[in-house]
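Step one of this worksheet: look at the structure below.
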Amino acid sequence: MLLRFCWIPVLSLLAACNQTAPDNAATIAPPPIPGPDLRALTDSNAVPLLTAYGRQYPAREVVLQTRHGNLRIRLYEDTPLHTANFLLLSRKGYFDQTVFNRVVKGFAIQGGTSDKLTLQLSRYVLPPEIRPGHFHKRGAVGMARYDDKQNPDRMSSSHDFYIVQGRKLTEYEAKASAGRPLTPDQLRTYTTVGGLPSLDGQYTVFGEVVEGLDVIDKIAAEPVGSDNWPTQDVGIKVKVVQ
């Protein structure tokens with residue numbers, strides 16, 4: 001088509017046709033994504049930066065996409081630092097280059113890292129936001145951390161998150177493993193829906209899966225190596241929806 005339109009015996013038109021049109025897409029950079037630079041976050045500034053970010057750019061739901069299907073996750077308002085941090089990493093595209101790197105069937109699936117990272121993320125931790133009303137039912141989303149010997153203050157990882165699979169328990173099992181009093185609703189949930197009461201009060205739960213619980217089971221059924229890393233990567237894409 002270009003040759004046909006240019007085949008006109010007028011020198012000025014021929015000259016114009018031989019010029020290459022500017023590639024606007026290549027010259028116009030996409031607008032920057034709001035929020036702190038992921039390389040600038042530290043233990044000392046993470047709280048004020050994430051607090052301000054969460055207030056300015058709030059959202060309550062994300063969709064986590066995998067080759068097994070999608071998980072819609074509702075984020076809690078009363079864990080503002082963890083929620084803001086998860087939203088920031090999602091919008092900046094950090095999670096989109098990660099995988100589920102630790103899968104323990106009947107327990108939980110953990111993601112947020114990869115051996116092929118390209119975006120740089122500084123090392124920082126989050127103060128715990130452990131709320132009695134948020135417990136480790138099936139589908140609960142929490143932040144991983146080092147054990148108490150290395151981390152007596154129970155500071156959360158900046159990026160390693162987990163989703164509970166667990167199993168249904170008897171009342172006796174739920175009460176014995178919780179190590180704390182359970183509300184009637186929590187006890188009912190652990191016996192009818194399932195979960196991991198042994199983790200309650202130990203880790204920050206900052207959200208829950210509201211659609212796609214079956215996807216947890218599919219990921220948990222993946223064959224894994226000796227380090228519990230799936231032998232075939234289960235990639236992650238996270239989209240903030242509202």
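The values are calculated or read from the model by the stated rules, or taken from the named source; none is laboratory data. Please read these numbers as outputs of a predicted model, since none were measured by experiment. All Cβ positions, even for glycine, are placed from backbone atoms using ideal geometry, and neighbour counts span all protein chains on display.
Only one of Leu41, Leu64, Leu75 is at pLDDT 95 or above and in contact with a helix residue (DSSP H, G or I) (Cβ under 6 Å, 6 or more places away or on another chain). Can you tell me which? Please lay out each step first, then the result.
Details: Leu41 fails: in contact with a helix residue (DSSP H, G or I) (Cβ under 6 Å, 6 or more places away or on another chain); Leu64 fails: in contact with a helix residue (DSSP H, G or I) (Cβ under 6 Å, 6 or more places away or on another chain).
Residue meeting the stated conditions: Leu75.
Each row is one residue, and each column tells you yes or no for (1) modelled with pLDDT under 95; (2) more than 27 Å from Tyr190 (Cβ to Cβ); (3) in contact with a Gly (Cβ under 7 Å, 6 or more places away or on another chain).
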{"position": "Tyr124", "(1), (2), (3)": "no, yes, no"}
{"position": "Glu129", "(1), (2), (3)": "no, no, no"}
{"position": "Tyr162", "(1), (2), (3)": "no, no, yes"}
{"position": "Glu171", "(1), (2), (3)": "no, no, no"}
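Considering only residues of the stretch 29-63 that are of a type in the set (A, V, I, L, M) and more than 18 Å from the chain's Cα centre (by Cα), which is surrounded by the fewest Cβ atoms within 10 Å (Cβ to Cβ)? Walk me through it before giving the result.
Quick first cut of the stretch 29-63, residues of a type in the set (A, V, I, L, M) only: 29, 33, 38, 40-41, 46-47, 49-50, 52, 59, 62-63.
Pick out the ones that are also more than 18 Å from the chain's Cα centre (by Cα) and you get 29, 40, 47, 49, 52.
Numbers: Ala29: 6, Ala40: 11, Val47: 15, Leu49: 20, Ala52: 13.
Within the stretch 29-63, the match that is surrounded by the fewest Cβ atoms within 10 Å (Cβ to Cβ) is Ala29.
So that you can scan it fast, the table gives a plain yes or no per residue for (1) exposed (fewer than 15 other Cβ atoms within 10 Å of the Cβ); (2) within 14 Å of Ala108 (Cβ to Cβ); (3) among the polar types (S, T, N, Q):
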{"site": "Ala144", "(1), (2), (3)": "no, yes, no"}
{"site": "Leu182", "(1), (2), (3)": "no, no, no"}
{"site": "Asp185", "(1), (2), (3)": "yes, no, no"}
{"site": "Tyr190", "(1), (2), (3)": "no, no, no"}
{"site": "Pro197", "(1), (2), (3)": "no, yes, no"}
{"site": "Gly201", "(1), (2), (3)": "no, no, no"}
{"site": "Glu208", "(1), (2), (3)": "no, yes, no"}
{"site": "Asp233", "(1), (2), (3)": "no, no, no"}
Exercise. Report, by residue number, each residue of the stretch 196-216 that is among the acidic types (Asp, Glu) and under 16 Å from the mean Cα position of the chain (by Cα).
Key: Glu208, Glu211
Quiz item: If you scan the stretch 146-160, which residues turn out to be of a type in the set (D, E, K, R) and either out of contact with any Gly (no Cβ under 6 Å at 6 or more places or on another chain) or crowded, with 22+ Cβ neighbours inside 10 Å (or both)?
Solution: Asp147, Asp148, Lys149, Asp153, Arg154
Quiz item: Of the numbered conditions (1) on the phi < 0 side of the Ramachandran plot; (2) free of Cβ contacts under 8 Å to residues at least 24 places away in the same chain, Gly179 satisfies every one except a single condition; which is it?
Solution: (1)
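Yes or no: the stretch 121-139 includes at least one residue that is in contact with a helix residue (DSSP H, G or I) (Cβ under 7 Å, 6 or more places away or on another chain), of a type in the set (Phe, Trp, Tyr) and buried (at least 21 other Cβ atoms within 10 Å of the Cβ). Can you show your working first?
To start, the set of residues in the stretch 121-139 that are in contact with a helix residue (DSSP H, G or I) (Cβ under 7 Å, 6 or more places away or on another chain) comprises 124, 126-127, 129, 135-139.
Cutting the leftovers down to of a type in the set (Phe, Trp, Tyr) gives us 124, 135.
Filter again for buried (at least 21 other Cβ atoms within 10 Å of the Cβ), leaving 124, 135.
Yes, the stretch 121-139 contains a residue that is in contact with a helix residue (DSSP H, G or I) (Cβ under 7 Å, 6 or more places away or on another chain), of a type in the set (Phe, Trp, Tyr) and buried (at least 21 other Cβ atoms within 10 Å of the Cβ).
Restricting the search to the stretch 71-111, which residues are in a strand (DSSP E or B) and among the basic types (Lys, Arg)? Outline the logic, then answer.
First, the residues of the stretch 71-111 that are in a strand (DSSP E or B): 71-75, 99-104, 108-111.
Scanning the stretch 71-111 gives Arg72, Arg74, Arg102.
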